[in-house]
1. Can you name every one of the helices (runs of 4 or more DSSP H) wholly within the chain that holds 2 or more residues which are surrounded by fewer than 13 Cβ atoms within 10 Å (Cβ to Cβ) and within 9 Å of the chain's Cα centre (by Cα)?
2. Restricting the search to segment 37-59, which residues are over 12 Å from residue 12 (Cα atoms) and of a type outside the set (D, E, K, R)?
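Computed from the coordinates by the stated procedures, all read-outs in this text should not be read as laboratory data. All values derive from a computational prediction rather than experimental measurement. All Cβ positions, even for glycine, are placed from backbone atoms using ideal geometry, and neighbour counts span all protein chains on display.
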Amino acid sequence: MALSDKEKAVAIISNGIAVFSLFQERGELPENITMYDFISKAVPENIKSEVTAELIDEIFVYVSSAHSS
């Protein structure tokens, strides 16, 4: 069964949050880049319509709370 575009977006966002956090810890992020900008650059064009700031926030809150439990 193939993933829907929404499921693909969730996977890409989750991965983007993880990579952003690793780069941030290592000090390897370009200056003045936000997590939203970082994730937006990683999203394929055919999925971009599914990605919103609200969805990024929702996934960030979920991932953060899951890792702190």
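1. 5-26
2. Matches in segment 37-59: 46, 49, 52, 53.
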